[in-house]
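Asks: Mind looking over this structure? Questions follow.
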Amino acid sequence: MRRVIWYSIVVAITLVILILIWQFSVAIVLFALSLAVAASLRPSINYLAQKRNSRRLALGIVYFLLIVSILSFLFLIGQPLAQDLQRLTDDFVTGYERAILLWPIEGTLFQRTLAEQLPPSADLYEALTSPEGVPALEGIFGAAQDFFSLLGQIAIIIILSLYWSVDQLRFERLGLSLLPPAYHARALRVWRSVEAAVGAYLRSEVLQSVLAGLLLGMGFWLMGVSYPALFALWAAIARLIPWFGVVIATLPLLLIEIGNSPLVGLMAAIYTVGVLLLLKMVIEPKYFQRQQYSSLLIVTFVIILAESFGVIGVILAPLLTVALQTLFQQLYPNPLPGPSQEALTKIAELRKRLAEVRRQIQKPRPRQAAFVMDRLNYLMKRITEYVQEG
């Protein structure tokens, strides 16, 4: 009976935790991202703290540079992105009217068939402005509202990460106080390992995405791509998805630009693939030393979290994968391989040679010879224990 009550309590507590996670999912996601941001900035903070002999000054410098970088990025990308969106809207209206007028006369069989199904321009505009078209307009304004909501969430993440960076040791002691003292050392080691892995991954991906956006934006602008800032931003976000990131970044660019200029569209697609592969195969292994993680698990979490949290979910999914995989590796490390037969043979030979040397040295042994023999016996004992432990 006592066991049934215990199981019932465990199930009830688990259900309550799941309900709380569901209810406060946005807050939990923001808090998790703030921990990742703090972990990614910690090496820079520690480096400056050693140079300046002041951790608070190092925190101020790093977070000031972070905020300035974000504001500079928004300032640089804001106007070109708004121009691209305006141009895309105008091109859609012009293209739609051209399709209505020209495709039934000069178009291919597919275009003529499609033109017959399209409503007239006046009917489309009337539908958008009518009560039935309110959801479409709400979707447009909702996208703008989501953008400002995203900026607010980024601000919350930065503020929370600053609090965590200032009181890291105090928060860690508070977390360790929930565990028995015997587990404190291992829990702290596991936590620090997970935090370092997540920070390294986030630092690598963010810097690579920024570099990809800059290179692609400048390249698209020089090639005369219709919407350089929009396609560069799209590629910088899409590259976060393993396996299919290159395809997702390239396919819209190719489909849209090839209709305007096949040569420009093909060149832009090849350039996009080249830049993303250069970052993945050359820049990342050379300048971003980090462990490789399960791509299948990352894609799975991207699909799950992107549906609920959008861009924030796409960013969080790889970090969650890194945290879980690192945690599993720390809790269940791979066993070391056993000694090879060659190593065992060499150890046996060394033991025989040591025994032969011991017999050759006559007693009473000189002090130096006795000291050397004692050290050799100790080292042989340690080697044997190490091999036996595997």
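Asks: Which value results when the Cα radius of gyration for region 185-326 is divided by 2.2 N^0.38 Å?
Replies: 1.15
Asks: Let me ask something else about it. So, in nm, how far is label residue 151 from label residue 264 when the simple model puts each one 7 Å beyond its Cα toward the Cβ?
Replies: 3.0 nm
Asks: Would you mind getting me the FRET efficiency between residue 75 and residue 189? Use the beta-carbon distance for r and R0 = 41 Å, nearest 0.05.
Replies: So, using R0 = 41 Å, E works out to roughly 0.45.
Asks: Measure out, as a whole number of angstrom, how far apart the alpha-carbon centroids of region 239-263 and region 203-218 sit.
Replies: 17 Å
Asks: Taking Cα centroids, how far is region 277-310 from region 58-86 in Å?
Replies: So the two Cα centres are separated by 23 Å.
Asks: Taking all protein chains in place and a 1.4 Å probe, what share, in percent, of the accessible surface of region 272-328 do carbon and sulfur account for?
Replies: Its accessible area is 73 percent carbon and sulfur atoms.
Asks: On to the next question. Note down the accessible area of residue 234, probe 1.4 Å, to the nearest 10 Å².
Replies: Spelled out: residue 234, probe radius 1.4 Å, area about 120 Å².
Asks: Also, I was wondering about something else. Which peptide among 312-322, 198-208 comes first, and what is the full order, when sorted by highest mean count of other Cβ atoms within 10 Å?
Replies: The densest-packed peptide leads the list: 312-322, 198-208.
Asks: Restricting things to alpha carbons, find the Rg to Rh ratio for region 232-286 using the Kirkwood radius for Rh.
Replies: Over the Cα atoms of region 232-286, Rg/Rh equals 1.01.
Asks: Still on this structure, I have one more. Might you work out the accessible area of residue 284 for me, using a 1.4 Å probe with all protein chains in place, and round it to the nearest 10 Å²?
Replies: Per-residue accessible area (residue 284): approximately 10 Å².
The values are calculated or read from the model by the stated rules, or taken from the named source; none is laboratory data. Owing to the predicted nature of the structure, the values given are computational and were not obtained by experimental measurement. Here Cβ is always computed from backbone atoms with ideal geometry, including for glycine, and neighbour counts include all displayed protein chains. Only protein heavy atoms, including side chains, enter the accessible area calculation; ligands, DNA and RNA are left aside. Shrake-Rupley method; radii C 1.70, N 1.55, O 1.52, S 1.80 Å.
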